[in-house]
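Please read the structure below before turning to the comments.
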Amino acid sequence: MLKIYHSPGTRGFRAIWVCEELSVPYEIVPVNFAPEYRATPEWRAVSPLGKVPVMVDGDMKMFESCAMMQYILDRYGDGRLQPAPDNPTYAHYLQWCWFAEATFARPLGEIVNHRREFKPELDAVVAEMKSRATACVAALDAALSGRDYLLGDGINAADLSICYTTRGYRRMVSETLPAAYQAYFDRVTALPSYARAVQADAETGERLKG
Ligand SMILES: N[C@@H](CCC(=O)N[C@@H](CS)C(=O)NCC(=O)O)C(=O)O
């Protein structure tokens, strides 16, 4: 069974949500997110940079949450939740999957890192990162014009990944999204698999509290 090493509220949510949506069996291994634990040789042996998430499938161990999503889809998805490579939407499917982490999540991650390392934080740096994230929201809003989902009619893993990052945007930058984007976010997070992933995330927190 897939093992997802996860700390509550972090990017392992992506892999958990995909497993829930595809009904792929998985087990969560709760990880103490305290920097002291993540610096231990024990955790570094699992995750060389001390980050979460990590996913294990038999002898396979990997990090990078979006790569995990793709692995789950390719290995266990039976073609669900992603277009085939010969589908005209495939290129944009890849584009939004990568955008979710490489471009949209990046300034949000920098806000977190900056706040952790710089006390007091530099307001200009945080403002610039918020502005970069907001530019991503504008690009997504434009792409969603006249569509229910990023690729048109059907939902796919890029929508899940983007909506995971959008949660961080709403928490760190602004609760308010453009109207069409808000409707999209509400549509994607109305999936029963989202509620189950939220529940699994919360239970991970309870398990860590012991
Ligand atoms: N691109 C990586 C980012 C991993 C990452 O930065 N994870 C955060 C939690 S969501 C973390 O472990 N941060 C602690 C740190 O950077 O020291 C992914 O998508 O998995």
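The values are calculated or read from the model by the stated rules, or taken from the named source; none is laboratory data. Remember, predicted model here, so these are calculated numbers, not experimental data. Glycine also receives a Cβ, built like all others from the backbone with ideal geometry; neighbour counts cover every protein chain displayed.
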Open item on the list: What are the pairs with Cβ atoms under 6 angstrom where one residue, in segment 66-81, is away from the ligand (no atom under 16 Å from the Cβ) and the other, located anywhere, is β-branched (Val, Ile, Thr)? Sequence gap at least six, or different chains.
Closed with: 76/24
Task: First in segment 45-57 and touching a residue at least 40 places away in the same chain (Cβ under 8 Å), second anywhere and among the β-branched types (Val, Ile, Thr) and within 8 Å of the ligand (Cβ to nearest atom), Cβ under 6 Å, 6 or more apart - done: 52/10
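Is there a residue being acidic (Asp, Glu), assigned to a helix (DSSP H, G or I), within 11 Å of the ligand (Cβ to nearest atom) and within 17 Å of the chain's Cα centre (by Cα) anywhere in segment 94-105? Outline the logic, then answer.
We begin by selecting, within segment 94-105, every residue acidic (Asp, Glu); these are 101.
Now drop any that are not assigned to a helix (DSSP H, G or I), which leaves 101.
With the extra rule that they be within 11 Å of the ligand (Cβ to nearest atom), the set shrinks to 101.
Going one step further and asking which of them are within 17 Å of the chain's Cα centre (by Cα), we end up with 101.
Looking for residues that are acidic (Asp, Glu), assigned to a helix (DSSP H, G or I), within 11 Å of the ligand (Cβ to nearest atom) and within 17 Å of the chain's Cα centre (by Cα), one finds at least one in segment 94-105, hence yes.
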Open item on the list: Against the conditions (1) within 30 Å of residue 26 (Cβ to Cβ); (2) within 16 Å of the ligand (Cβ to nearest atom); (3) free of Cβ contacts under 8 Å to residues at least 24 places away in the same chain, where does residue 199 fall short? Just the number, please.
Closed with: (2)
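Would you check if residue 55 is in a strand (DSSP E or B), within 12 Å of the ligand (Cβ to nearest atom) and either at pLDDT below 95 or under 15 Å from residue 2 (Cβ atoms) (or both)? Before you say what the answer is, go through the steps one by one.
Numbers: in a strand (DSSP E or B): yes; within 12 Å of the ligand (Cβ to nearest atom): yes; either at pLDDT below 95 or under 15 Å from residue 2 (Cβ atoms) (or both): yes.
So residue 55 fits the description; yes.
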TODO: Could you please let me know if residue 87 is out of contact with any strand residue (DSSP E or B) (no Cβ under 9 Å at 6 or more places or on another chain), in a helix (DSSP H, G or I), of a type in the set (S, T, N, Q) and more than 16 Å from residue 162 (Cβ to Cβ)?
DONE: no
TODO: Given the conditions (1) within 9 Å of the ligand (Cβ to nearest atom); (2) assigned to a helix (DSSP H, G or I), report the number of the one that residue 33 does not fulfil.
DONE: (2)
Task: Failed item, numbered, when residue 62 is tested on (1) away from the ligand (no atom under 13 Å from the Cβ); (2) surrounded by 13 or more Cβ atoms within 10 Å (Cβ to Cβ); (3) among the aliphatic types (A, V, I, L, M) - done: (1)
Task: Qualifying residue in segment 130-139 (condition: part of a helix (DSSP H, G or I), farther than 19 Å from residue 101 by Cβ and in contact with a helix residue (DSSP H, G or I) (Cβ under 6 Å, 6 or more places away or on another chain)) - done: no
Open item on the list: I'd like the residue in segment 1-25 that is under 16 Å from residue 75 (Cβ atoms) and surrounded by fewer than 19 Cβ atoms within 10 Å (Cβ to Cβ) and, out of all such residues, is farthest from the chain's Cα centre (by Cα).
Closed with: 1
Open item on the list: It is to be established whether one or more residues within segment 166-189 are in contact with a strand residue (DSSP E or B) (Cβ under 9 Å, 6 or more places away or on another chain), without any contact (Cβ under 8 Å) to a residue 40 or more places away in the chain and surrounded by 15 or more Cβ atoms within 10 Å (Cβ to Cβ).
Closed with: yes
